[in-house]
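So the structure is just underneath, and the comments pick up after that.
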Amino acid sequence: GENVEQHPSTLSVQEGDSAVIKCTYSDSASNYFPWYKQELGKRPQLIIDIRSNVGEKKDQRIAVTLNKTAKHFSLHITETQPEDSAVYFCAPRETSYDKVIFGPGTSLSVIP
Amino acid sequence: SQTIHQWPATLVQPVGSPLSLECTVEGTSNPNLYWYRQAAGRGLQLLFYSVGIGQISSEVPQNLSASRPQDRQFILSSKKLLLSDSGFYLCAWSPPDHEQYFGPGTRLTVT
């Protein structure tokens, strides 16, 4: 089964700085790489995803980069804002597998 | 558009009492369905998932069970709750090879 790790587990940045969260996985067959954001007391929601035929994807201040050889992908948030404060989860998987395992999460705090 | 419902939103139950949490999805057919539990300040633990009516895969043993009596209905149950069952229970659905969509969750406190 898939083993998923995230680093760091907690991250604190000043408003306006960048934040990077890394997700490493074990299953080389993984071909779908999403990132979810969970605000306090709310449900997780997808913020960006990437598939294995693409190395990088960007959506405004958020980007995801993928290194399939090294089996990791990263979430990049630029110009961080206080509303970016949340827990971020990755959930890499092979899309024909129905089982979905989430990483342990990274708690991001953006200090105004 | 698709919508996922969970109820109740909050629940306080004594140790040893039964549990039934319900999740329903609208606007799609034959979704994959998932139950996750999240302890305070922790990650998402996969409990059960289902790819069709009556098909349940269990990731967690012990005192929880799940059923899928209808295509878009997923139920989480327990005959006797433990203190360690407290947490935030999230139901999710996904179409094949896509992201998951989570319900609003049920916050369960076992006293």
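Every read-out reported here was derived from the displayed coordinates using simple, explicitly stated rules and does not represent laboratory data. Computed from a predicted model, the values in this text were never measured in an experiment. As a convention, Cβ positions derive from the backbone with ideal geometry for all residues, glycine included, and neighbour counts pool all protein chains shown.
Quick look at the values:
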{"quantity": "Among A:ILE48, A:THR10, A:SER107 the positive-end extreme of the charge dipole of chain A (Cβ point charges)", "calculated": "A:ILE48"}
{"quantity": "Nearest-20 debye value, the protein assembly as shown charge dipole, Cβ charges on Lys, Arg, Asp, Glu", "calculated": "440"}
{"quantity": "Hz values of 3J(HN,Hα) by residue in the range B:72-88 - Karplus curve (6.51, -1.76, 1.60), Gly and Pro given as x", "calculated": "10, 10, 9, 10, 10, 9, 8, 7, 9, 6, 10, 4, 5, 7, 4, x, 9"}
{"quantity": "Paramagnetic label zone (point 7 Å from Cα along Cα-to-C-beta, B:ASP71; backbone N under 19 Å) in the range B:1-19", "calculated": "B:1-5"}
{"quantity": "Calculated FRET value between B:LYS79 and B:VAL15, using beta carbons and R₀ = 22 Å, to 0.05", "calculated": "0.95"}
{"quantity": "Modelled FRET efficiency - R0 30 Å, B:ASP97 with B:ILE53, Cβ distances, 0.05 increments", "calculated": "0.90"}
{"quantity": "Per-residue average of Cβ from other chains inside 10 Å of A:86-96", "calculated": "2"}
{"quantity": "Histogram of C-alpha separations across the protein assembly as shown, 5 Å bin width, %", "calculated": "1, 7, 15, 18, 18, 16, 13, 8, 4, 1, 0"}
{"quantity": "Dipole magnitude of the range A:63-105, debye to nearest 20 (Cβ charges: Lys/Arg +1, Asp/Glu -1, about Cα centre)", "calculated": "320"}
{"quantity": "Nitroxide proxy distance, nm - points 7 Å out along Cα→Cβ at B:VAL60 and A:GLU56", "calculated": "3.9"}
{"quantity": "Estimated dipole of chain A in Debye, rounded to 20 [Cβ of Lys and Arg +1, of Asp and Glu -1, Cα centre]", "calculated": "260"}
{"quantity": "Approximate shape of chain A as ellipsoid semi-axes (Cα gyration tensor, √5λ), whole Å, largest first", "calculated": "23, 15, 12"}
{"quantity": "Descending principal axes extents, chain B, alpha-carbon based, whole Å", "calculated": "38, 26, 21"}
